[in-house]
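A short worksheet on the structure shown next.
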Amino acid sequence: MTREDIKKQFPDATDEQIKALLDIHGDDLTAAKKNNVEPKVLRQLQDDSAAYKKLQEAGLTDEEKIQKALADAEASKVDFQRKSNRLDVEKILVGAGLTEDDYKDLIDGLVSEDAEASKALATSLATMLTKQKEAAIQKTKEELMDGTKKPGDNGGSGGKSSEDDDDDESDAAKFAQQYNAQYVTEV
């Protein structure tokens with residue numbers, strides 16, 4: 001920013017005001033440059049860090065290198081085992097009719113390094129959900145059946161006794177009698 005830029009923005013500014021604005025702007029630029037790392041310098045620091053790690057590894061004894069390789073291999077084995085167990089657990093849950101949205105919040109709690117324990121937990125959860133689903137279906141069926149009339153109830157000849165022949169007729173029987181009374185003539 002220059003004096004001319006400030007004059008364009010603030011035509012009535014005094015020399016003191018312009019100097020104060022330039023000082024503030026200069027301080028801001030200095031602070032920004034101080035806190036930012038140039039891309040060249042950042043890349044050089046990253047390269048130096050990688051080279052330092054290589055030097056550290058080169059300074060290790062053969063036994064230390066072997067121990068490090070074993071530790072890395074063990075970590076990879078554990079990671080693979082957890083991923084494999086996760087797939088097994090997902091297979092069990094999907095087999096029970098669950099979707100990923102249904103089990104996404106639970107699966108991390110079910111999966112462990114022990115394959116059998118992971119499968120047992122998933123199977124228990126799937127069994128419990130299946131039982132609850134079956135119970136809900138059965139309850140719904142029972143509720144629907146409670147509202148359904150039995151055959152022979154409220155009309156028809158199937159469930160009537162001789163005592164209530166004329167007292168309890170269905171709507172269809174009443175309609176048929178009215179229709180016959182109005183439109184059918186005796187022969």
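The values are calculated or read from the model by the stated rules, or taken from the named source; none is laboratory data. No experiment lies behind these values; they were computed from the predicted model shown. Here Cβ is always computed from backbone atoms with ideal geometry, including for glycine, and neighbour counts include all displayed protein chains.
Against the test of being in a helix (DSSP H, G or I) and more than 30 Å from Lys54 (Cβ to Cβ), the options Ser124, Ser76, Ser112 yield a single qualifying residue, Ser124.
Would you check if there is a residue in the stretch 137-150 being touching a Lys or Arg at 6+ places or on another chain (Cβ under 8 Å) and either modelled with pLDDT under 85 or not in a helix (DSSP H, G or I) (or both)? Within the stretch 137-150, not a single residue is touching a Lys or Arg at 6+ places or on another chain (Cβ under 8 Å) and either modelled with pLDDT under 85 or not in a helix (DSSP H, G or I) (or both).
If a residue has to be surrounded by 11 or more Cβ atoms within 10 Å (Cβ to Cβ) and charged (D, E, K, R) to count, how many in the stretch 1-24 make the cut? Counting residues in the stretch 1-24 that are surrounded by 11 or more Cβ atoms within 10 Å (Cβ to Cβ) and charged (D, E, K, R) gives 4.
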